[in-house]
There are 2 protein chains.
Amino acid sequence: MGQYAAPLRDMQFVLHELLNVEAEAKQMPKHADLDADTINQVLEEAGKFCSEVLFPLNHSGDQEGCTYDGDGVVTTPKGFRQAYQQYVEAGWPALACDPSYGGQGLPQFVNNALYEMMNSANQAWAMYPGLSHGAYECLHAHGTPELQQTYLPKLVSGVWTGTMCLTEAHCGTDLGILRTKAEPNGDGSYAITGTKIFISSGEHDLAENIVHLVLARLPDAPSGTKGISLFVVPKFLPNEAGEPGQRNTVKCGSIEHKMGIHANATCVINLDNAKGWLVGEPNKGLNAMFVMMNAARLGVGMQSLGLTEVAYQNALVYAKDRLQMRALSGPKAPEKAADPIIVHPDVRRMLLTQKAYAEGARAFSYWAALQIDKELSHGDDAVRSESADLVALLTPILKAFLSDNAFEGTNLALQVYGGHGFIAEWGMEQYVRDARINMIYEGTNAIQSLDLLGRKVLGDMGAKLKKFGKLVTDFIEEEGVKPEMQEFVNPLADIGDKVQKLTMEIGMKAMQNPDEVGAAAVPYLRTVGHLVFSYFWARMARVALDNEASGDPFYKAKLATARFYFAKLLPETASTIRAARAGAKTLMEIDEALF
Amino acid sequence: MGQYAAPLRDMQFVLHELLNVEAEAKQMPKHADLDADTINQVLEEAGKFCSEVLFPLNHSGDQEGCTYDGDGVVTTPKGFRQAYQQYVEAGWPALACDPSYGGQGLPQFVNNALYEMMNSANQAWAMYPGLSHGAYECLHAHGTPELQQTYLPKLVSGVWTGTMCLTEAHCGTDLGILRTKAEPNGDGSYAITGTKIFISSGEHDLAENIVHLVLARLPDAPSGTKGISLFVVPKFLPNEAGEPGQRNTVKCGSIEHKMGIHANATCVINLDNAKGWLVGEPNKGLNAMFVMMNAARLGVGMQSLGLTEVAYQNALVYAKDRLQMRALSGPKAPEKAADPIIVHPDVRRMLLTQKAYAEGARAFSYWAALQIDKELSHGDDAVRSESADLVALLTPILKAFLSDNAFEGTNLALQVYGGHGFIAEWGMEQYVRDARINMIYEGTNAIQSLDLLGRKVLGDMGAKLKKFGKLVTDFIEEEGVKPEMQEFVNPLADIGDKVQKLTMEIGMKAMQNPDEVGAAAVPYLRTVGHLVFSYFWARMARVALDNEASGDPFYKAKLATARFYFAKLLPETASTIRAARAGAKTLMEIDEALF
């Protein structure tokens, strides 16, 4: 039933050799004492937990699914509860949390590495703690001191879990039309009534309490997105001792039967005058919720990296084992009935695509997590602001580009298995089904693309994009004169130029016709995604060249994968740029009735 | 639970206005009396059967699946058996079969249209009769007169069904290493022993007998593919009256649990000295089986068209109904809480991609079926030979390009539904899961690509490709001078030139290094697939322009879709050509140990 081993060597390469996180942490007062050994030990322990505890529950969890036992009770698959207890006992929920509430205070980039591994091992399971961490971040940023005292220690220790309750049946993307109502009770609390759907981890048997963060409208709220407030609504109302007391009138009405992530309960949540407390200011709930949504978007990036990695690991083993046909250039294993399929060029194309997407995603997403740490904790205000801009710009790319790639990668992994890939028992088709949701939830990839192009790029006349562009041009200026880097720097410079021109062109067209933004957004995001990956692959190639003489085959593999990326994957931009430039006309001129 | 209506208008457009099949049939002696009205009546009746009988069983069939009741018995989902009885009673299995065996003798292109609709309505169900039709064609071409008398009338009437038993656990693509043995019994029959896997429709409760066509080795057979023979192995041995008699020792050992096509039984078939009879010559079984494999590959094309069409129909309804956000250019339905999502450019991109792929596939696949009819039945030998070459060349494209597009199309349809697309109840995720197998079975799409580039194109120094090229250049010469056709003919001529150059370049490289074929094959097939689609979209545009003045909005829609195809989909070739040209180096230079 497959295998998973944490890719510790590559994780350490990214953290220490590429990003030099120890030195970076020295610039952040609260992480100044962090050393590489500590990080490596945490990763190694986490890797063991993921391989030994979570991974064995992945396929069985998918096959069994969650069950709704009527009357609001949800049971998770066998073993999930015990694994969660082990997770809590080992203190993993607290890893990157504030020490004021019991956290261990490690940086976000360590937590991201933990989440990569948990998602490789078991995405459906990892969504339970994942949502909790988002709720923690939201309350940490926007809760009143009382709410923080009540909820944060429980979320940090993991004895309570969290959810985000946004969607209603008639509104997913369009939160402005949501209907759930919140009426003041007169005692500082609110009575909240409405029905939420698609609530991941909305009900389960892993923890003693569940903390829902719920979007709703106050009685006097303006219509649209400016009339939405955020509330914390616990399943059990905390009593005076802060322990779960009276059952609140928030209840799971049913769970969905889905294509994938079967072991995560996707709930209808009914609120019937449920008691809740305001988080942040009235009518500014979306603002408060954005903390959680951004965390969730980065979380989808880590889910996508995790699935790409584990599917690749399994496809690779199969490609080395499975004997089928002879190499076109003559037998490679003449003593056997056929050659292992890894001799075939197209099997290698499929494997290298997965490898290049996984390793590119790891470099990008760990770097993004480091930017979040710098945004939150760097000693220099200018650096904090710079990092905040980079994170804002790149979050939609991290969510959408990585989840598109994960769907492609898991599908290629399935394809390596041939007919066996389609059979549940081999485990590969689950990765495809699980990966499919990542392109949808936390804002579809089209919404991410509009966020990138409309808000993040055109919204500030390209200012944030220029900041990322400066990183790229600095690297090109530094490395462009070195002969051994030509093969990497030249295509990087080329795609950089093309993104700049494309952005200008779309910006001009959008001033005439706003539909040009919607028409170009999706291929635009994929184009900029490749600029980002080109930058990280060129940087990784630099590090690998510096260490090639060591004889460690790791660097040789890294260089070969970089060369593959530039030769075979970056060329996708030739068509995405054409598609982005093709404009709105052929999309919009056809009358609705003619479809 | 969704909807399906046979797209009769577009089917008639393709058959009558684009392909002019009535005039074509006049050139085939055995179809000379066929008229358009008959065809249309058949299509209309078939459409009703598919919408009313098969479609309502699609989702329930997926949810229920087949069950293996132990001891070789397989039960299909509720309603499947009754639907099959109706199918048989209506005479549908006989549609395109030889009147000598009870068939109705209609051309293949009518049968293809029937299969498009059956696959839209219920791919898993359609695979039962689909395999039977392949077995019919194989026995019709290669069976002895005795075997034909025994089996063909039963397959034609549909009271018996068929299978193709090729794969074994250790050999899928690589049939040369198969191990199933056939020993002569001395009475003209053979005792066949072995285990076959992945046998679609291998056991079920729809019909009174099942006719397995089994690949096996004779005792003295040479090793490899030149030692494989084909046998017919019935579940029940026909008695003297030709009715099912003694139970043969061929038995289903289990069924697979799969990602999709749940309602089709994918069987392990154990043969334990099962009685069988040779089909075709000893050791030339692959040659005989190729009739069935080619039929099956065209069948996968029809499955892929069927799924693309039905997913599109449903996504379109949802996109018109679902209210979410306002158009970027201002409200379009100000009286409602939000605009229908079809106002958004990217939703239109997703819909038009599906529409362009479905209609392009219909034109291409019906034309291909017409070529098969010409190959089999045209009065002129030269035409028959020309058509045979075109069918051989284009079969791998029809299988792989259409199934790739169907996976993309069904995924886009799911994406239009947002979160609801991921929920089983809405029916969209089933289309994605069902479509996934089409890229694998009957030869993976990589194998199709090698067949196209290695065998069909380079294998005869481009002779067959030139025959298709001549159709394209003839069209360009005819239409290229007309101003209204510039926008279609120019990109067609451009992709035609590029395919020619690319083919030459790969051919030259392949002489140095055969791995260059394997490295280029997959992006090469997608490139040629777009040449084929460009040709058919340009031809459809011509017909639409000729009829635009009629005021029928159908032609306006066709032109708009053609424009979309050239603006947004054909540009994929910019990257597939680059990927094909990038060569084998970055794939092959990395040592297996470094992956």
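The values are calculated or read from the model by the stated rules, or taken from the named source; none is laboratory data. Predicted model only: the values in this text are computed from it and were never measured. Here the Cβ is made from the backbone with ideal geometry for all residues, glycine too, and neighbour counts use every protein chain on show. Each accessible area value is taken on the protein alone, full model and side chains, heavy atoms only, with ligands, DNA and RNA left out. Shrake-Rupley method; radii C 1.70, N 1.55, O 1.52, S 1.80 Å.
Miscellaneous remarks
- Some residue of the range A:548-559 being in contact (Cβ under 8 Å) with a residue 12 or more places away in the chain, closer than 22 Å to B:Ser575 by Cβ and either surrounded by fewer than 23 Cβ atoms within 10 Å (Cβ to Cβ) or more than 7 Å from chain B (Cβ to nearest Cβ) (or both): no
- Which listed residue is farther than 27 Å from A:Ser387 by Cβ and without any contact (Cβ under 8 Å) to a residue 24 or more places away in the chain, from A:Glu52, A:Glu64: A:Glu52
- Against the criterion of being farther than 25 Å from B:Phe290 by Cβ, of a type in the set (Gly, Ala, Ser) and within 11 Å of chain A (Cβ to nearest Cβ), B:Ala363 does not qualify.
- The sole residue among A:Tyr357, A:Tyr318 that is closer than 30 Å to A:Gln3 by Cβ, more than 18 Å from the chain's Cα centre (by Cα) and in a helix (DSSP H, G or I) is A:Tyr318.
- Within the range B:560-592, the set of residues being surrounded by fewer than 21 Cβ atoms within 10 Å (Cβ to Cβ) and more than 7 Å from every other protein chain (Cβ to nearest Cβ) comprises B:Arg581, B:Gly583, B:Lys585, B:Asp591.
- A:Gln512 satisfies every condition listed in (1) farther than 19 Å from A:Leu458 by Cα; (2) free of Cβ contacts under 8 Å to residues at least 12 places away in the same chain; (3) more than 8 Å from chain B (Cβ to nearest Cβ) except (1).
- Residue within the range B:424-439 that is within 8 Å of another protein chain (Cβ to nearest Cβ), under 19 Å from the mean Cα position of the chain (by Cα) and under 15 Å from B:Thr395 (Cα atoms) present: yes
- Within the range B:93-116, the set of residues being over 19 Å from B:Gly260 (Cβ atoms) and either in a helix (DSSP H, G or I) or aromatic (Phe, Trp, Tyr) (or both) comprises B:Pro93, B:Ala94, B:Pro99, B:Ser100, B:Tyr101, B:Gln108, B:Phe109, B:Val110, B:Asn111, B:Asn112, B:Ala113, B:Leu114.
- Of the residues examined, A:Ala388 is one that is within 23 Å of A:Gly443 (Cα to Cα), in contact with an Asp or Glu (Cβ under 9 Å, 6 or more places away or on another chain) and either open to solvent by 10 Å² or more (accessible area, probe 1.4 Å) or β-branched (Val, Ile, Thr) (or both).
- Single condition A:Asn119 does not satisfy, out of (1) more than 30 Å from B:His257 (Cβ to Cβ); (2) polar (S, T, N, Q); (3) under 24 Å from the mean Cα position of the chain (by Cα): (1)
- Within the range B:159-188, being among the small types (Gly, Ala, Ser) and surrounded by fewer than 17 Cβ atoms within 10 Å (Cβ to Cβ) holds for B:Ala169, B:Gly186, B:Gly188.
- Condition check for B:Ala544 on (1) more than 9 Å from every other protein chain (Cβ to nearest Cβ); (2) in contact with a Lys or Arg (Cβ under 9 Å, 6 or more places away or on another chain); (3) in contact (Cβ under 8 Å) with a residue 24 or more places away in the chain: one failure, at (3).
- Failed item in (1) in contact with a Lys or Arg (Cβ under 8 Å, 6 or more places away or on another chain); (2) under 20 Å from B:Ala463 (Cα atoms), with B:Gly496 passing the rest: (1)
- Restricting B:Thr173, B:Thr167 to those that are among the hydroxyl-bearing types (Ser, Thr, Tyr), within 14 Å of another protein chain (Cβ to nearest Cβ) and out of contact with any Lys or Arg (no Cβ under 9 Å at 6 or more places or on another chain) reduces the list to B:Thr173.
- Residue match in the range B:83-92 (condition: in a helix (DSSP H, G or I) and touching a strand residue (DSSP E or B) at 6+ places or on another chain (Cβ under 9 Å)): yes
- For the range B:101-109, the criterion of being among the small types (Gly, Ala, Ser) and either more than 25 Å from B:Met28 (Cβ to Cβ) or crowded, with 24+ Cβ neighbours inside 10 Å (or both) is met by none of the residues.
- Unique match (being in contact with a strand residue (DSSP E or B) (Cβ under 7 Å, 6 or more places away or on another chain) and assigned to a loop (DSSP other than H, G, I, E, B)) among B:Ala274, B:Ala241, B:Ala333, B:Ala288: B:Ala333
- Criterion applied to B:Tyr318, B:Tyr366 was being within 30 Å of B:Ala567 (Cβ to Cβ) and buried (at least 24 other Cβ atoms within 10 Å of the Cβ), and the one residue passing it is B:Tyr366.
- Applying the criterion of being over 22 Å from the mean Cα position of the chain (by Cα) and not charged (D, E, K, R) to the residues of the range A:280-314, the residue that is least open to solvent (accessible area, probe 1.4 Å) is A:Gly285.
Condition check ((1) of a type in the set (D, E, K, R); (2) within 14 Å of chain B (Cβ to nearest Cβ)) across all residues:
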| position | (1), (2) |
| --- | --- |
| A:Lys336 | yes, yes |
| A:Val347 | no, yes |
| A:Lys355 | yes, yes |
| A:Ser377 | no, no |
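- Those helices (runs of 4 or more DSSP H) lying entirely in the range B:408-484 with at least 3 residues open to solvent by 20 Å² or more (accessible area, probe 1.4 Å): B:445-450, B:463-479
- From the list A:Pro77, A:Pro7, the one residue that fits, being in contact with a helix residue (DSSP H, G or I) (Cβ under 7 Å, 6 or more places away or on another chain) and under 18 Å from A:Leu307 (Cβ atoms), is A:Pro7.
- No other residue among B:Gly202, B:Gly194 is away from chain A (no Cβ under 14 Å), out of contact with any Gly (no Cβ under 9 Å at 6 or more places or on another chain) and buried (at least 17 other Cβ atoms within 10 Å of the Cβ) apart from B:Gly194.
- Test for B:Pro523: is it out of contact with any Gly (no Cβ under 8 Å at 6 or more places or on another chain), free of Cβ contacts under 8 Å to residues at least 12 places away in the same chain and crowded, with 20+ Cβ neighbours inside 10 Å: no
- Helices (runs of 4 or more DSSP H) enclosed by the range B:1-76 - at least 2 residues per element that are crowded, with 22+ Cβ neighbours inside 10 Å: B:21-26, B:36-49, B:58-64
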